[in-house]
1. Explain nothing, just compute: Karplus ³J(HN,Hα) = 6.51 cos²θ - 1.76 cosθ + 1.60, θ = phi - 60°, for every residue of the range 239-246 in order, whole Hz, x for Gly and Pro.
2. For the range 285-294, take each phi angle, set θ = phi - 60°, evaluate the Karplus expression 6.51 cos²θ - 1.76 cosθ + 1.60, and give the result in whole Hz per residue in order, putting x for glycine and proline.
3. For Ala421 paired with Thr12, estimate the spin-label separation in nm (one decimal), with each label point 7 Å from Cα along the Cα-to-Cβ line.
4. Evaluate the distance, in nm, between pseudo-label points positioned 7 Å from the Cα of His440 and of Arg454 along their respective Cα→Cβ axes.
5. Using the beta-carbon distance between Arg201 and Ser505 and R0 = 56 Å, what value does 1/(1 + (r/R0)^6) give for FRET efficiency, to the nearest 0.05?
6. Assuming R0 = 25 Å, can you tell me the calculated FRET efficiency for the pair Arg106 and Asp47, based on Cβ-Cβ distance, to the nearest 0.05?
7. Could you calculate the contour length gain from Asp266 to His3, that is, 0.36 nm times the residue separation minus the distance between their Cα atoms, to one decimal place in nm?
8. Under a 5 Å amide H to amide H cut-off, with H placed in plane at 1.01 Å, what residues pair with Leu233 once short-range neighbours are removed?
Amino acid sequence: MPHEFVTGLPSTHGDSYQLNTTTLIRHAVRTYPEQEIVFRTAEGGWDRYTYADAYGRVMRGANALRALGAGAGDVVGVLDWNSKRHFELYWAIPGIGATMLQMNLRLAAEDLAYVTEHSAASVVLVDESLLAVAEALAPRVPGVETWVVMTDRPLGELQTTLPGAVHWEDLLRAAEPTIDWPVIAETTAYSACYTTGTTGRPKGIYYSHRGIYLHTLAETAALGMHADDAVMLITPMFHAQSWGLPQSAIYSAAKIILPGRYVAEDTSVLVETMIRERVSVANGAPAIFQPMMDYIKTLPEAPDLSRARLLSGSTEPPLSLMRDFFEITGADVIHAYGATETAPLVAINRGLKPSLRGALNEDERWNLKRKQGLLVNGVDVRVVDAEGNDLPHDGTSQGEVLLRGPWIIESYDKMGADEAADKFLDGYWRSGDVGTVDQHGYLKITDRMKDVVRSGGEWISSIDMENALVGHARIREAAVIGVAHPKWQERPLAIVATFDGAELSVDEVNSALTGKFAKWQLPDTVLFVDALPRTSVGKLDKKLLRELHADIYAGAQATAAVTTGR
């Protein structure tokens, strides 16, 4: 039920002072103008400039956008990597009251066109390396009035079919060098990001200035960030604002490293830059951190990354990965939890609460790090059963995780009440995640509602099983899905890729699960593949896997088997 809303005596505080993103960078530049921003160039090299240099370009960028006709209420899209220009646009676009559309360049063309049109973006800025993406998109998005090309080369040297394309650097040079920033109502949407559309069309999430400002304070405190830090933005800036780290890095006045374009297969660039720039905070997913660790293991001498807090999201990092980073480099892989709808930070696991120090043995401490962690201040959480009843925080009672707070959504853009009815409950956003909260306050996500394996009336956590499988020395990656079974409702199917491409017996695969799962929970069938399919943001594409293997148990009594998917 909604809480009672009361109004007491008025305060004498500056409550009219609006929480704007421009305040974050204005104050950082005021106090730390000399702080460095290191960025990768289009040629693959590295360069650097200062906060003051960046802010000068931000102000010119805001004036250039106004010259294009953009202003309060307009939506401006960005197609770019984690680049210097992208970082500058994080401040220039919302600084004039416009909304920055985060365009996920890994979306299928149809979905990207839908996002662009649904958001009513009128201006799109595109990096030269992504012109082909923009050119394929342009005929599908008639609402885009202006295409802006971002490049160091003169416009005359470019060949593009974009209608009436203009040159960003030319616009910056012509723009006024300073700006009198407007005061923006803090409930204005500073940015928009769309879900990746695993079910139906992508859904629009619009983040307010107030929401991201408060999120920044919470994240900076949770990670213990300060001006001595060096923050590398690995997670794409085109999705969920790189988990809020651009704002948190600026708020804490840290050195910032922008790696530009990179691929997961070439993480040597990331590792070498982390070592050179003494990176102490970075964000990523196990799909990025595991190749980084594989590369580190090839080095003649392990680097000292003992200052590093590696914020890991998307999916639970395997225990083997966390231990490798700590034991080989000294880095702390910090498990965190959130979603596009939550801006995204909800929980973070920086280790033991003071009250638990000395109370757990080494294995128990490592097992605790597998949890998503402690809820950050500012977020309310409920764990409820199928009828919406609250479950106890005892670490065993599993239910759907519900969330509410100043940076948690209360609606989706342009979604009707009927369509949104099952997305919210009593003002809380329904995450679709199954989880528990233990007596110490640690959140553990056991599965997605749609991914949990329901076998013989019991639930089996696909996430826990996947991470246990990856702990096997020969298994590189694993997915576990529930497949319809004529006798048991569902049975788990393990889909595995090994390091050397060789197949293992079912018993050998299940040896990684022994002691962690009951015998009846173990997979009866193991399917071997060269690689597992992933979504545009690096998550396992279990929807596709369920479609591909829906009939594997049809008409069978689930005898142990090994199958190849190659």
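Coordinate-derived values only; no laboratory data. Predicted model only: the values in this text are computed from it and were never measured. As a convention, Cβ positions derive from the backbone with ideal geometry for all residues, glycine included, and neighbour counts pool all protein chains shown.
1. 9, 6, 6, 6, 6, x, 5, x
2. Those phi angles translate into 10, x, 5, 9, 5, 5, x, 4, 5, 4 Hz.
3. 5.1
4. Distance between the two pseudo-spin positions: 3.3 nm.
5. Working: r = 43 Å, r/R0 = 0.77.
The pair Arg201/Ser505 has a calculated efficiency of 0.85.
6. Numbers: r = 26 Å, r/R0 = 1.05.
It comes out at approximately 0.45.
7. Numbers: separation 263, 0.36 × 263 = 94.68 nm, distance 5.13 nm.
Extending this stretch completely gives an extra 89.5 nm.
8. Ile257
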